Structure formats: C-alpha cells, structure tokens
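Q: Take a look at this one; I'll ask things after.
The values are calculated or read from the model by the stated rules, or taken from the named source; none is laboratory data. Nothing here was measured: the structure is a model prediction, and the numbers come from that model. Glycine also receives a Cβ, built like all others from the backbone with ideal geometry; neighbour counts cover every protein chain displayed. We work out accessible area using only protein heavy atoms, side chains counted, and drop any ligands, DNA or RNA first. Shrake-Rupley method; radii C 1.70, N 1.55, O 1.52, S 1.80 Å.
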Amino acid sequence: MGLAKYALRRVVFMVVTMWVIITATFFLMHLLPGSPYVNLQKLTPEQLEILNTRYGLNRPILEQYLLYFANLLTGDLGTSFQFKNQPVTTLLAGRVGASVQLGVQALLVGTSAGIVVGVIAAVKRHTPVDSGATIVAVLGRSVPSFILAALLQLVVAVNLRLLPIAGWRDFSSTILPTLALAMAPLADSARFVRTEMVEVLESDYAELARANGLSTQQIAWRHGVRNSVIPLITLLGPMTVNLLTGSLVVENIFAVPGIGEQFVKSVLNNDYPTIMAVTILYSGLFLLVTFAVDVLYSIIDPRIRLSGGGRR
Amino acid sequence: MKTRRIVQIATILSLPGLLFAGCTTSDPGGTVSSDAPPATVVIALSQELNTIDPTAAIDSNSSSAINQVYEGLYRLDANNSPVPAGAAALPEVSADGLTYTISLNQAAKWSDGTPVKAADYEWAWKRAVGLDSAAENEVYYGFVLNASDIIAGNKPVDELGIKALDDYTLEIKLAAPTTFFASLLASVSFFPLNEAYVTSQGDKFGSDSEHAIYNGPFVLADYAGPGVGTDWKYVKNPTYWDAASVKLDSIEVRVIKETSTAVNLYTSGEVDQVAISGAQVQALRNDPGFTAYTTATAAFLGYNFNIPAFANVKVRQAISLVIDRAALVNNVLNDGSALATGLVPAGLSSDQTRGDFATAAGNPLETDVDKAKTLWAEAKQELGIDKLEIDLQTFDSDRMRTVTQYLQNVIQENLVGTTVTITASPVANFLENTKSGSFGIYLVTWGADYADASSLLDLARSNSGSNWGHYSSPEFDAAFAAAQGADAADSAARFDDLLQAHAILLADQGYTPVYFQSSTLLRNPEFKGVVFHSAGSNTEYKTAYIER
C-alpha cells in the first residue's frame, strides 16, 4: 500500500475517532452535577431557570448536541462561562503556546540526554557508570516532577539566584520547568536505549564489525545508535502527550501561563464549552502525534510495511 | 536506493528541527531594568481575571481589578461608608426612600478625555440587565425598580428605574426603600460605561486592555484578556479627576497560582504583596509583612429541618454549645481565621449612632458542655431516640476537612449516642446535595454580597432561595420583614430590626456560626495606604503608596 493511501485511510480513522470522542465527552459532561455559573452557590432556582433559558441549557440534550456540532463545523467552539465573553478558541490559543513550548523543550532535552545516558550505560554495562545511569533513570521515573520542580526552584532560583523563580518571560525562565519535566522522558528513553543498545552490541553484526577492527565506541555510535533509536520513536507519541497534559503542577509552580490547569478548572466549574474545546485539542494532538509517529516510523525503517491499520 | 538513504538520514537529522519549529521563545534580551520608577509595586494574584467588563463581573477578584480602573458614583472609605466619586455629593433621597437624585462630578472624565455623563450610567445599567448573565448579578440590580422583571424577561429594558435628567443629573428609582443603597452604588455592577466607545468596539469591548476606556484612578495596561492575561499593569490615569490623590505610578500584577512560589517571590523581594493561607499562615505569621483582614465571610452549620432531630431546637443548641470557637480558630485552624460571634462579621455594616453591627450584637455564642449534655438528654427524650446519625456534608477543601473533623470529635465525644459521618464532596456535588435537601447538616462558607447585615441574614428568611434546610421562624421573618419593609427608610429602626432578627436566629440556632474567614497576606511593610473592604471589591490601591 502506498504512503498516500495509507495516510488517507488513517485520516478517515482519525476523523471517526474524533467524532466518537466529541460525542462521548458531550454527553458525559452533561451528566456532571452542577451548572456553569460562577456564583452557583447563591443562585435561586428562579435565577438558575432564567440563566439556563438564556444560555439554552434547558433545551433537550440532543438538540444541544446537534447545535454544538453544527457550530463546531463552522469553527465556533462557543464562549467560556467562567471567562465572560471570551471565545474558547481565543482562550486556548492564548495558552497553548507556552504548554507546547515547554513540552517540546522537555521532550528534546529529555530524549537527547536519555539517548546519551542510555548509550553510555550500554557501552559501560555492568560497571559503576551503568549503575549510576540506572539510579538516574529510576529516580527520574519515580520522583514526581512537582517535587523536582519545587526543589529546583528552591536551590537554583531562590538560594543560588541563578535563574528566575517563576514566570514565562525570556528563555532563562523556561529552563527550570523544562528540566523538571525532562526527567521522566530522560529516564524512559535511557532505559529503552540501553536495552536496545545492549542487544545491538551483542548481535552478530556487531561481532563482525568488531572483527573488522572497530572499537566498541565506534560500533555503538556508528551502528548502534540508529538501530536503537528507531524503536524509541514508538515511545515519542505517548511521551509527547504525557508532557503536554501532565505539566499541570509544574506549570503552576513556575507560573507558566499554559493550558494545564484550565482543563481541570473547566471540569470543576462545568464550563461546558471549555471542557469540550480542551478535550478536542488534547485528543486532536494525541491523534496527530500518533499519526506522525507512525508515518515517520515507516519512512525511517523501510522494513515496516504500511498495511492494515498500521503497525502493531 | 541511494536517494532513499539520504531521505532517511535527512529525516532523522531534521527531527529535532521539526520539533523546534514554531516554538520561538520570547526575546531573551528583554530583561527588566533595575532602575524602575520608584512608585511602583508588584503584587501577586492567585487567579486570572474572569472579566474586565464592570457589568459582567461577579467574583471579587475581577471586581477588585475593575475597581482600580473604573469608578462608580461612590467609593467606600476604610469604614465602608460611601464617599462621592463619580457623584458630586451624597444622593438626595425622596421622603418615601424610593427616589434617589444624584448630581454628577463634572470633573470626571474617561481616559479618552470625554466627560463621564449621566447617560453613561443609564446606558450601562440598561445594558447590564439585558445581558444573558444578568441573573447572576440580580442580587445587586434587584434593588433598582423593575430590574428583576426585566431580568426575568417580563418587562422591557426601557422600564429600568434609572434616568439621566440632564448631562450631570441622574434619577434612580428603587424597588423598595434601601437605606444602604448609596454604598451599594460603589459596587462595580453600578459603574458607568461610555456608550459610543463600547458600541464601536462590539464584541471586542473588554477583550484586552486596549479595547476599553477607563475612568478610574488607574488605567489597565498590557492585559491580554480574560483567562489569557497572566501579567498586567495598573498605570496611573492622568485624566482621573482626583489624580492628585493617586500616589503610585504603576502597579504590576502577576498571576501566581502556587502560593509557595508566590512566597518565594515575596521573600526574594520580587513582589510586594502575596495572599497566603493555611499552613503558610502558621509559618509566616511573625513575618513583619503579615497582614490579616476579617472578611465578610462566615462559616456556619445549616440544618435539615425536615429531619425531626434537627427541627428540635435543643439538638441544635446542644451542637452549638459543644463547639469551642476560640479553640477552633486559635489551636485547630490557627490560620488567621477569626472568632465567630454570630452570623455577621465585624466591619461589615454599621449604624451612625450604634456603631458596628457585630459589636452591637455582642457575642451570645457560648461553650458549655454540661448544658449541652442536659439539652441533648432532654432532646433524646422528646424525640424518643437514644442514637442519632448525623450526615455532615461540606465541600472539598483542607480547611473544611479540618473543621468538620473537629466538629465530629466534639459532637461525638460530648453528645452520647451521636455518630457523625463526614462527606466532603466537590463544590458542584455538595451544592446538588444541599440544594436538593439530601443532607443532615452542612458546613459552608458564605460571603456577604454588600456591606449590610441583611446580605447574610437573608439566608434565614423562610422563603429565601438560599435557605436550603428550610429553617422557618415567624419571629425572625417578622423582624426581617420590618427591616426590609416598614422600617426600610429609617436606618436606626432598621438596624434594631436586624439586630433583633439576628438575636432570634442565634437563640434558635437556625444556623450555627462556626468561624469568620480572614484574608491573610504578606505585604511589604513599606507598601502602605491600601484600603481593604470586607465585601465586594476587596482591595483598593487608589491611596496606596510606597514609604521610603
């Protein structure tokens, strides 16, 4: 199957998936108790009735769904209840940038450092260097990012005064949140690369290369890295999504004007249009990243056959 | 084959490049210069602003911000008394207390230089009651003639009780006499808007700091919009009529949600004011910058009067008597919360001759475990029970959990046979349960909407929409109705009525007050002159200054 045909097939699947997600979220969301009004506690039943009428929230749920969908197709995602008069597209557009930048920086730093650590650990396997790398990986995976964030803030920013405490103003203010978030992908990719690399170094072709006079280092960097990094691309999808969605606490600690907290808050406040928009954004990102990873994978590794529903 | 290989390598090499695309960082050269103008302060807020449209604001965070950059007919002084601002003097009130005639301050200007006219008030109010969200602010607009009917869609907007008699005279008609209406006019809901400007902006009005004109002590700058802006400034407004009283050149605001981060910024001298709470208060209450204000928010227990045990006054009195309110705020909470003396916190409302409402009401709430045990024993006999399971509900927060656990302890320990089950749910679930009557007792915090005792006492009115447990006392209703009706235009008689209603409520324990909430913060000791109001737009910087 050609790449174009494969891509088209995947796009159709993505659209269907998106529709299922939107529909399920819409109906589940309306099962939440409460209403989207800021001072719900103080509203009388009469006032609630007036507001629901004004905002069309007492119409049959199916009618609301169809209306939402019709608006969605024209690109209108509605207006936030919490942030008065603010179209949710503006709301998200204004906040997604910082989250994406932070996520991408953390992913790049984390995976690049992870590859280096993984390769070194594999080359020096069963030595103290390898154990050290394992400790880094275990710590990176088990210490929650917010603990690391608070620690980095206290030591690097408050005590040593090397970097800003919080904010999102220039590049220097992005360093600490990036580091705090980069530990998890660093740990994941280091463990992954080490395993793959050990396999490569113990393979027959590595043996042949060694017989041809190449040193372990040369084999590792020339032949090993590529072969062990390709499978890492599989991990990129889930890692990216984790970083984009999981940065909530780190964003709060470093006062990053990202999207993280908005989502949680919109659920707690029953801010329906925002809940929907954030869900669409995140699931759209997830689908796109998975799609991109699959396509990249097939381009990079010619052995991957583009068939069926994609690689398994 | 060879080209394919090149493509593969190029793809691997370009991977980081692709990921980097579109994520340029902001200008790294944009560092803040250290020789900033002297009269500047930086304050940290824990939340973004919901809106900067005065007529759409509901929460106190947005109202406070709006109050720095807009101005209504009056401002409240430190004692919550109205002082003329957009008005030239206090209102002339008709004998029946229903018609207010107000001359405007002719020096008041919009930031584009045009004068603030009576028509700006009339237009803004009529726009406000026509908004989809109007019912959320009915608590304010409801005082104006026909507003409630307009909000409910039963009357046209034109019939709202406000009229510009000429450019600088405003006539307001009320739905009922309201002695504190002048101080209500300091609420952002009653602020003016410039019709020509707002209509010219359409949907863009208030979408960021550039799409608005202001008439307050400061103007808003560098604000990206509701929910989007996380840094902004209040810059001294040169066209403000009282600009001579404004001492700060600018106030920089940063949204910092994590309190520990905000405290780090404060201790390192980067911000001059941060709000703190809970454990941070315990750790920082000896800091020279520690400041605590009593807010107009009371925490209290509400009872389900459809359950026979809670309809029994002795049960409610016994519960109130086992609560050691001083120990609760000083030892259990220890976070700056204040001792509850009733339902109305000190500093909320006062009478010219009688002084503060809370002071006049005294503190009838006592702790007496022996008396409680006697009452409980009698109640058990009257009810024919020897056990009582209490379903105590609250919303999910650290403080609410601490308080309900304390209550569980003292009730179970002293009132033999009681079992208290605590349910702390998310706010929406909590409200669903309480409003539908599925609870035994609830613990809630309730803030006054305006500076009058009636704002809180209204909870106990038999047919109040907020009386979730259906407490009903003819005596309370009579006293409260007198305050809102027969004595509404006579502030001294009204004050007495409300005091009487409050006393009836406490004797009855229709609600059981538990503590008063405080606003606790760290403020640079050199940053002075900030005025705090316990209700509505909390913090005013008009007269704030830096002492060197």
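Q: With the condition kept exactly as written, say whether any residue in the range B:342-353 is hydroxyl-bearing (Ser, Thr, Tyr), part of a loop (DSSP other than H, G, I, E, B) and open to solvent by 30 Å² or more (accessible area, probe 1.4 Å). Break it down stepwise before answering.
A: Of all residues in the range B:342-353, those hydroxyl-bearing (Ser, Thr, Tyr) come to B:349-350, B:353.
Imposing the further condition that a residue be part of a loop (DSSP other than H, G, I, E, B) reduces the set to B:349, B:353.
Subsequent filtering for residues that are open to solvent by 30 Å² or more (accessible area, probe 1.4 Å) retains B:353.
Scanning the range B:342-353, I find at least one residue that is hydroxyl-bearing (Ser, Thr, Tyr), part of a loop (DSSP other than H, G, I, E, B) and open to solvent by 30 Å² or more (accessible area, probe 1.4 Å), so the answer is yes.
Q: Within the range B:365-403, which residues are in a loop (DSSP other than H, G, I, E, B) and either over 19 Å from B:Ile323 (Cα atoms) or free of Cβ contacts under 8 Å to residues at least 40 places away in the same chain (or both)?
A: B:Gly384, B:Ile385, B:Asp386, B:Lys387, B:Asp396, B:Ser397 - these are the residues of the range B:365-403 that are in a loop (DSSP other than H, G, I, E, B) and either over 19 Å from B:Ile323 (Cα atoms) or free of Cβ contacts under 8 Å to residues at least 40 places away in the same chain (or both).
Q: So in the range A:36-51, with the set limited to residues that are assigned to a helix (DSSP H, G or I) and either acidic (Asp, Glu) or open to solvent by 30 Å² or more (accessible area, probe 1.4 Å) (or both), which one is nearest to the other protein chains (Cβ to nearest Cβ)? Steps first, please.
A: Pass one, the range A:36-51, residues assigned to a helix (DSSP H, G or I): A:40-42, A:45-51.
From the residues that got through so far, the ones that are either acidic (Asp, Glu) or open to solvent by 30 Å² or more (accessible area, probe 1.4 Å) (or both) too are A:41-42, A:45-46, A:48-50.
Details: A:Gln41: 6, A:Lys42: 6, A:Pro45: 6, A:Glu46: 7, A:Leu48: 8, A:Glu49: 9, A:Ile50: 4 Å.
Once the filter is applied, the top-ranked residue is A:Ile50.
Q: Moving to a separate point now. Residue check, B:Asn433 against (1) within 14 Å of another protein chain (Cβ to nearest Cβ); (2) under 30 Å from B:Ala346 (Cβ atoms); (3) crowded, with 16+ Cβ neighbours inside 10 Å; (4) at pLDDT below 95, all met but one. Which one?
A: Answer for B:Asn433: the failing condition is (2).
Q: Which residue pairs have Cβ atoms closer than 8 Å, lie 6 or more positions apart in sequence or on different chains, and pair a first residue in the range A:107-125 that is without any contact (Cβ under 8 Å) to a residue 60 or more places away in the chain with a second residue that is surrounded by fewer than 24 Cβ atoms within 10 Å (Cβ to Cβ)?
A: Between residues of the range A:107-125 that are without any contact (Cβ under 8 Å) to a residue 60 or more places away in the chain and residues that are surrounded by fewer than 24 Cβ atoms within 10 Å (Cβ to Cβ), the close pairs are A:Leu108/B:Pro16; A:Leu108/B:Leu19; A:Leu108/B:Phe20; A:Ser112/B:Pro16; A:Ile120/A:Val129; A:Lys124/A:Asp130.
Q: Could you list, in sequence order, all residues of the range A:160-172 that are in contact (Cβ under 8 Å) with a residue 40 or more places away in the chain and surrounded by fewer than 22 Cβ atoms within 10 Å (Cβ to Cβ)?
A: A:Gly167
Q: Being farther than 18 Å from B:Ala87 by Cα and either open to solvent by 20 Å² or more (accessible area, probe 1.4 Å) or more than 13 Å from chain A (Cβ to nearest Cβ) (or both), is that true of even one residue in the range B:119-129?
A: Filtering the range B:119-129 for residues farther than 18 Å from B:Ala87 by Cα gives B:126-129.
Within this subset, residues satisfying the condition of being either open to solvent by 20 Å² or more (accessible area, probe 1.4 Å) or more than 13 Å from chain A (Cβ to nearest Cβ) (or both) are B:126-127.
Checked the range B:119-129: at least one residue is farther than 18 Å from B:Ala87 by Cα and either open to solvent by 20 Å² or more (accessible area, probe 1.4 Å) or more than 13 Å from chain A (Cβ to nearest Cβ) (or both).
Q: Let me ask you something else. Going by the conditions given, is B:Thr267 of a type in the set (Ser, Thr, Tyr), open to solvent by less than 20 Å² (accessible area, probe 1.4 Å) and within 14 Å of chain A (Cβ to nearest Cβ)?
A: On the way: of a type in the set (Ser, Thr, Tyr): yes; open to solvent by less than 20 Å² (accessible area, probe 1.4 Å): no; within 14 Å of chain A (Cβ to nearest Cβ): yes.
So B:Thr267 fails the test.
Q: Condition test on B:Ala535, is it of a type in the set (A, V, I, L, M, F, W, C) and either away from chain A (no Cβ under 14 Å) or part of a strand (DSSP E or B) (or both)? Talk me through it step by step, then tell me what you get.
A: Numbers: of a type in the set (A, V, I, L, M, F, W, C): yes; either away from chain A (no Cβ under 14 Å) or part of a strand (DSSP E or B) (or both): no.
For B:Ala535, the condition - of a type in the set (A, V, I, L, M, F, W, C) and either away from chain A (no Cβ under 14 Å) or part of a strand (DSSP E or B) (or both) - is not met.
Q: Report, ordered by the first and then the second residue, all pairs with beta carbons closer than 8 Å, sequence separation of six or more or different chains, a first member in the range A:11-34 that is at positive phi, and a second member that is β-branched (Val, Ile, Thr).
A: That search, which allows pairs on different chains as well, returns A:Gly34/B:Val427.
Q: Do the conditions hold for A:Val256, that is, is it at negative phi, not charged (D, E, K, R) and not in a helix (DSSP H, G or I)?
A: Yes.
Q: Follow-up. List the strands (runs of 3 or more DSSP E) that sit entirely inside the range B:92-200 and contain at least 3 residues that are of a type in the set (Ser, Thr, Tyr).
A: Those strands (runs of 3 or more DSSP E) span B:99-103.
Q: Still on this structure: Could you list all residues from the range A:68-95 that are in a helix (DSSP H, G or I), open to solvent by less than 40 Å² (accessible area, probe 1.4 Å) and more than 7 Å from chain B (Cβ to nearest Cβ)?
A: Within the range A:68-95, A:Tyr68, A:Leu72, A:Val88, A:Leu92 meet the criteria.
Q: Okay, moving on. Please work out which one of (1) outside any loop (DSSP other than H, G, I, E, B); (2) surrounded by 14 or more Cβ atoms within 10 Å (Cβ to Cβ); (3) more than 14 Å from chain B (Cβ to nearest Cβ) is the condition A:Ala157 fails and give its number.
A: Every listed condition holds for A:Ala157 apart from (3).
Q: A follow-up question, please. Only one residue in A:Pro144, A:Pro128 is away from chain B (no Cβ under 11 Å) and under 17 Å from the mean Cα position of the chain (by Cα), so which one is that?
A: On the way: A:Pro128 fails: under 17 Å from the mean Cα position of the chain (by Cα).
None of the other options fit; the residue is A:Pro144.
Q: Scanning for something in a loop (DSSP other than H, G, I, E, B), among the small types (Gly, Ala, Ser) and open to solvent by 20 Å² or more (accessible area, probe 1.4 Å), does the range B:311-327 turn up at least one residue?
A: No; the residues of the range B:311-327 include none that is in a loop (DSSP other than H, G, I, E, B), among the small types (Gly, Ala, Ser) and open to solvent by 20 Å² or more (accessible area, probe 1.4 Å).
Q: Go through the range B:125-146 residue by residue and tally those that are more than 22 Å from the chain's Cα centre (by Cα) and on the phi < 0 side of the Ramachandran plot. Walk me through it before giving the result.
A: Just the residues of the range B:125-146 that are more than 22 Å from the chain's Cα centre (by Cα), to begin with: B:126-127, B:130, B:145-146.
Those left that are additionally on the phi < 0 side of the Ramachandran plot: B:126-127, B:130, B:145.
Matching residues across the range B:125-146 total 4.
Q: All but one of (1) free of Cβ contacts under 8 Å to residues at least 40 places away in the same chain; (2) within 11 Å of another protein chain (Cβ to nearest Cβ); (3) open to solvent by less than 20 Å² (accessible area, probe 1.4 Å) hold for B:Gly206; which doesn't?
A: Answer for B:Gly206: the failing condition is (1).
Q: Of all residues in the range A:53-64, which are part of a helix (DSSP H, G or I), surrounded by fewer than 16 Cβ atoms within 10 Å (Cβ to Cβ) and more than 9 Å from every other protein chain (Cβ to nearest Cβ)? Can you show your working first?
A: Initially, the range A:53-64 is screened for residues part of a helix (DSSP H, G or I), giving A:53-54, A:61-64.
Filter again for surrounded by fewer than 16 Cβ atoms within 10 Å (Cβ to Cβ), leaving A:53, A:61-63.
A:Ile61, A:Leu62, A:Glu63 - these are the residues of the range A:53-64 that are part of a helix (DSSP H, G or I), surrounded by fewer than 16 Cβ atoms within 10 Å (Cβ to Cβ) and more than 9 Å from every other protein chain (Cβ to nearest Cβ).
Q: Open to solvent by 50 Å² or more (accessible area, probe 1.4 Å) and within 23 Å of the chain's Cα centre (by Cα): does that describe B:Asn61?
A: On the way: open to solvent by 50 Å² or more (accessible area, probe 1.4 Å): no; within 23 Å of the chain's Cα centre (by Cα): yes.
When the stated conditions are applied, B:Asn61 does not pass them.
Q: Right, here's the next one. Look through A:Ala182, A:Ala190 and report the one residue that is open to solvent by less than 50 Å² (accessible area, probe 1.4 Å), away from every other protein chain (no Cβ under 14 Å) and within 25 Å of A:Gln101 (Cα to Cα). Before the answer, list the steps.
A: Details: A:Ala182 fails: away from every other protein chain (no Cβ under 14 Å).
Answer to the selection: A:Ala190.
Q: With the requirement that a residue be assigned to a loop (DSSP other than H, G, I, E, B) and either farther than 27 Å from B:Asn330 by Cβ or free of Cβ contacts under 8 Å to residues at least 60 places away in the same chain (or both), what does the range B:484-509 give you? If you could, list the steps in order and put the result at the bottom.
A: Just the residues of the range B:484-509 that are assigned to a loop (DSSP other than H, G, I, E, B), to begin with: B:485-490, B:509.
Across the range B:484-509, the qualifying residues are B:Gly485, B:Ala486, B:Asp487, B:Ala488, B:Ala489, B:Asp490.
Q: Let me ask another. All but one of (1) modelled with pLDDT under 95; (2) in a helix (DSSP H, G or I); (3) open to solvent by less than 40 Å² (accessible area, probe 1.4 Å) hold for B:Ile411; state the number of the condition that does not hold.
A: (1)
Q: Please work out if B:Lys371 is charged (D, E, K, R) and surrounded by fewer than 18 Cβ atoms within 10 Å (Cβ to Cβ). Let's see the steps before the verdict.
A: Values: charged (D, E, K, R): yes; surrounded by fewer than 18 Cβ atoms within 10 Å (Cβ to Cβ): yes.
Answer is yes for this residue.
Q: Out of the residues in the range B:270-304 that are touching a Phe, Trp or Tyr at 6+ places or on another chain (Cβ under 7 Å) and open to solvent by 40 Å² or more (accessible area, probe 1.4 Å), which is modelled with the lowest pLDDT?
A: Within the range B:270-304, the first condition is being touching a Phe, Trp or Tyr at 6+ places or on another chain (Cβ under 7 Å), and the residues that meet it are B:272-274, B:284, B:293-294, B:297-304.
From what is left, the residues that are open to solvent by 40 Å² or more (accessible area, probe 1.4 Å) are B:293-294.
Details: B:Tyr293: 91, B:Thr294: 88.
The qualifying residue modelled with the lowest pLDDT is B:Thr294.
Q: Could you please find all residues in the range B:218-264 being closer than 30 Å to A:Phe81 by Cα, part of a strand (DSSP E or B) and more than 10 Å from chain A (Cβ to nearest Cβ)? Show your work before the answer.
A: Just the residues of the range B:218-264 that are closer than 30 Å to A:Phe81 by Cα, to begin with: B:218-235, B:251-262.
Narrowing further to those that are part of a strand (DSSP E or B): B:218-221, B:231-235, B:251-255.
Within the range B:218-264, B:Phe218, B:Val219, B:Leu220, B:Ala221, B:Trp232, B:Lys233, B:Tyr234, B:Val235, B:Ile251, B:Glu252, B:Val253 meet the criteria.
Q: Identify the residue in the range B:465-500 that is open to solvent by less than 10 Å² (accessible area, probe 1.4 Å) and polar (S, T, N, Q) and, among all such residues, is nearest to the chain's Cα centre (by Cα).
A: Among those residues, the one meeting the criterion is B:Asn467.
Q: In the list B:Thr445, B:Thr419, which residue meets the criterion of being under 21 Å from B:Ile323 (Cβ atoms) and either away from chain A (no Cβ under 14 Å) or part of a helix (DSSP H, G or I) (or both)? Reasoning before the result, please.
A: Working: B:Thr445 fails: either away from chain A (no Cβ under 14 Å) or part of a helix (DSSP H, G or I) (or both).
Sole residue among the options that is under 21 Å from B:Ile323 (Cβ atoms) and either away from chain A (no Cβ under 14 Å) or part of a helix (DSSP H, G or I) (or both): B:Thr419.
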